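Read through the structure below, which is laid out as structure tokens, and then see the notes.
Each value in this text was obtained by applying a stated rule to the coordinates, not by laboratory testing. Bear in mind that the values here come from a model prediction, so they are computed numbers and not experimental data. Heads up, the Cβs are rebuilt from the backbone with ideal geometry, glycines too, and the neighbour counts pull from every protein chain shown.
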């Protein structure tokens, strides 16, 4: 982590990552990038569906391969690059047949390392195999939810998923949230942990840096008027006046309250719900 001299009050608390020690290339490969407009919490009608998003620095999107449909062909990591759209590092993978793609790198990745996507690949960090060929106790990332559906789970910087059991054609996976869920053994996963594990230790230091990332301010419900939030109103500093905390839409939120639908289709795949953080 990079520390700064306290030239301002915000600079005193601010930390950032030492990208110079990890990143080996500045400009991305042009044909693997494209510009796109970020949704910033809006739906197709332009209405806000997720609050506290908007603005931020313009980003060039890197076309990262999460499907890994080129199998049994080894690839070599040519560069390690920063991606503004995710917290882990990406690398330019050059396959033996000459094709090039961006992939999400494991923690131990270095320029020149060779990895393989195959059912018979060795059990080594960065190699990709079906879950049925990965032993219990192994850490994986970039895991599929459905066979052939592309990596969906364990993609944030420093994250990993633990294979805790196998039973009846399913692998039991312990998520970073401590939730344990079942996934088909035919789903593919990459062995190891996601790169850039120091990302979660970074302190933004000031509000402006949040705005650069596209994060807008959050206002407490108790600070609003009754017309704006169910917690609003009252003379002076008043409590919320209700047993359970709810959002501006009237749905349960925070303080360990369950917000998941009782009849959600994937409930049958969840063996153990995530542990609720005590406040």
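Considering only 253, 76, 120, the mean-square fluctuation computed in a Gaussian network model of the chain, springs between alpha carbons under 10 angstrom, is largest for 253. In this entry, region 157-279 is assigned a mean projected area of 11.5 nm², taken as a quarter of its C-alpha convex hull surface. The convex hull defined by the C-alpha atoms of region 1-122 has an orientation-averaged projected area of 11.0 nm².
As a calculated quantity, the FRET efficiency between residue 114 and residue 264 at R0 = 35 Å, using C-beta atoms, amounts to about 0.25. Per residue, the average separation of C-alpha pairs within less than 8 Å and at least 6 apart gives region 3-83 a relative contact order of 33 percent. Note on 212, 188: ascending count of other Cβ atoms within 10 Å places them as 212, 188, the fewest first. For region 133-204, the Kirkwood estimate of hydrodynamic radius, built from reciprocal distances between every pair of different alpha carbons, is 12.4 Å.
With an 8 Å cut-off on Cα pairs and a minimum separation of 6 or more residues, tell me the relative contact order of the chain in percent.
Across the chain, relative contact order equals 17 percent.
The modelled label-to-label distance between residue 220 and residue 19, using points 7 Å beyond Cα along the C-beta direction, is 3.6 nm. Contact order for region 35-146, expressed relative to its length and based on alpha carbon pairs under 8 Å spaced 6+ residues apart, stands at 19 percent. Applying Stokes-Einstein at 10 °C and 1.306 mPa s to the Kirkwood radius of region 21-82, computed over alpha-carbon pairs, gives a translational diffusion coefficient of 106 µm² s⁻¹. Shown for 58, 272, 70: other C-beta atoms within 10 Å of each C-beta, ranked fewest to most, produce the order 58, 272, 70.
Residues 144, 185, arranged from fewest to most other Cβ atoms within 10 angstrom of their Cβ, appear as 185, 144. How large is the helix-only mean residue ellipticity at 222 nm for the chain, computed as the sum of -39500 (n - 2.57) over DSSP H runs with n ≥ 4, divided by its residue count, in deg cm²/dmol to the nearest 500? Result for the chain: -1000 deg cm²/dmol, rounded to the nearest 500.
Taking packing as the residue-averaged number of other Cβ atoms within 10 angstrom, the listed peptides 259-268, 161-170, 100-109 run from highest to lowest as 100-109, 161-170, 259-268.
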